[in-house]
1. For the range 79-95, give me each residue that is exposed (fewer than 11 other Cβ atoms within 10 Å of the Cβ) and either at pLDDT 90 or above or assigned to a strand (DSSP E or B) (or both).
2. Is there any pair linking a residue in the range 25-40 that is more than 15 Å from VAL81 (Cα to Cα) and without any contact (Cβ under 8 Å) to a residue 12 or more places away in the chain to one that is part of a loop (DSSP other than H, G, I, E, B) and β-branched (Val, Ile, Thr), with Cβ under 8 Å and at least six apart or on different chains, and which?
3. Six or more apart or on different chains, Cβ under 8 Å: which pairs go from a residue in the range 61-83 that's among the acidic types (Asp, Glu) to one that's in a loop (DSSP other than H, G, I, E, B)? Could you list them?
4. How many residues does the range 38-78 hold that are exposed (fewer than 13 other Cβ atoms within 10 Å of the Cβ), assigned to a helix (DSSP H, G or I) and at pLDDT 85 or above?
Amino acid sequence: MLEMLSPMIEGRWVGGYGFPPVPSAIRSSALLLEADPHAGGALIGRNVEKVITALNVCQLLRLPDWGHSISGDHPVEALLVIQNFFASTLAVTEL
């Protein structure tokens, strides 16, 4: 079990990921779902602001009372949120 957690403990579990170069290279619209930190949300506060700044086009949706496992804990609601995002993005791009 410890070997499985070693990359996270050693800070290499996201090897090859550079911030902000990776988010700033994204050219399409992005949807950022911010889970509630009191319910286990991992990407919160100042880090959310950094991601929004690095992305070219970003829609932020804060999800009060939702934890880190957004699609696992709220599969139907998460799907609706994502479908609505794609629908609005496609409507804008088609103009």
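The values are calculated or read from the model by the stated rules, or taken from the named source; none is laboratory data. Just so you know, these numbers come straight off a predicted model, no measurement behind them. Using ideal geometry, Cβ is built from the backbone for each residue, glycine included, and neighbour counts are taken over all protein chains shown.
1. Restricting attention to the range 79-95, the residues satisfying the condition of being exposed (fewer than 11 other Cβ atoms within 10 Å of the Cβ) are 83, 87, 90-95.
The answer is GLN83, ALA87.
2. Cβ pairs passing all conditions: PRO37/ILE44.
3. ASP65/ASP36; ASP73/TRP66; ASP73/GLY67
4. 6
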